[in-house]
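The values are calculated or read from the model by the stated rules, or taken from the named source; none is laboratory data. All values reported here derive from a predicted model rather than from experimental measurement. Here the Cβ is made from the backbone with ideal geometry for all residues, glycine too, and neighbour counts use every protein chain on show. Surface accessibility is based on the protein's heavy atoms, side chains included, excluding ligands, DNA and RNA. Shrake-Rupley method; radii C 1.70, N 1.55, O 1.52, S 1.80 Å.
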Amino acid sequence: MSDRTIGYIVGSISSTSLNRRLAKALERLAPEGTTLVEIPIKDLPFYSPDYDADFPQVARDFKQAIDDVDGVIIVTPEYSRSIPGVLKNALDWAARPWGQGSFNGKPTAVIGTSQGGIATAAAQQHLKAILSHYNAPTLGQPEGYVQTTPGLFADNGEVTSDQTADFLVGYLEAFGALVDRYVAVPVAA
């Protein structure tokens with residue numbers, strides 16, 4: 001595939017999010033022909049089945065943003081050994097109403113960063129279980145456990161480690177190959 005648009009969801013709404021810096025690094029390192037665009041989640045209200053008959057516009061826009069891209073990268077921090085509540089809320093919106101799940105057949109990748117040695121491994125495993133339930137083809141390798149060190153990511157997305165930058169480029173290339181396979185042969189609903 002020559003051109004692709006990849007959406008990314010940052011699972012943190014913190015103004016100082018390390019994972020937002022990682023997302024900006026991915027955006028900056030995207031290979032030629034690949035555009036990364038953020039799919040924001042901070043304005044979504046708490047999901048309730050009461051909305052299923054009439055989604056608020058912000059939720060319709062969120063679902064449409066997922067539909068409009070060729071694949072989605074979820075960049076997640078780890079809160080209490082799992083995904084942040086704000087990210088789970090967004091995923092609940094994406095899965096509803098029943099039978100209209102936005103991730104069905106949508107190529108998806110998971111990555112995250114923290115200062116800990118295992119980065120966001122526990123959160124990513126929980127997230128992959130949710131995505132499996134949603135029938136989202138999810139990148140298996142390489143796994144995206146990125147340990148942040150002071151100054152690794154600048155606010156503008158610059159990566160100060162060549163080794164980390166090379167890993168992220170390879171990660172994006174692997175995800176691009178997954179996206180290309182699924183865009184060529186869409187999954188039936």
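Values for this structure:
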{"item": "Test for VAL69: is it β-branched (Val, Ile, Thr), within 19 Å of TYR182 (Cβ to Cβ) and open to solvent by less than 30 Å² (accessible area, probe 1.4 Å)", "result": "yes"}
{"item": "Qualifying residues in the stretch 107-125 (those that are in a helix (DSSP H, G or I) and farther than 15 Å from VAL75 by Cβ) - the one farthest from the chain's Cα centre (by Cα)", "result": "ALA122"}
{"item": "One residue from ALA109, ALA121 being surrounded by 15 or more Cβ atoms within 10 Å (Cβ to Cβ), among the aliphatic types (A, V, I, L, M) and over 21 Å from ILE6 (Cβ atoms)", "result": "ALA121"}
{"item": "Test for GLU158: is it under 18 Å from the mean Cα position of the chain (by Cα), more than 23 Å from ASP43 (Cα to Cα), open to solvent by 60 Å² or more (accessible area, probe 1.4 Å) and touching a residue at least 12 places away in the same chain (Cβ under 8 Å)", "result": "no"}
{"item": "Test: residue in the stretch 147-168 that is of a type in the set (Ser, Thr, Tyr) and within 16 Å of ILE83 (Cβ to Cβ)", "result": "no"}
{"item": "Given (1) surrounded by 20 or more Cβ atoms within 10 Å (Cβ to Cβ); (2) outside any helix (DSSP H, G or I), index of the condition LEU87 fails", "result": "(2)"}
{"item": "Unique residue being touching a Leu at 6+ places or on another chain (Cβ under 6 Å) and modelled with pLDDT of 95 or more when the list is VAL69, VAL37, VAL75", "result": "VAL75"}
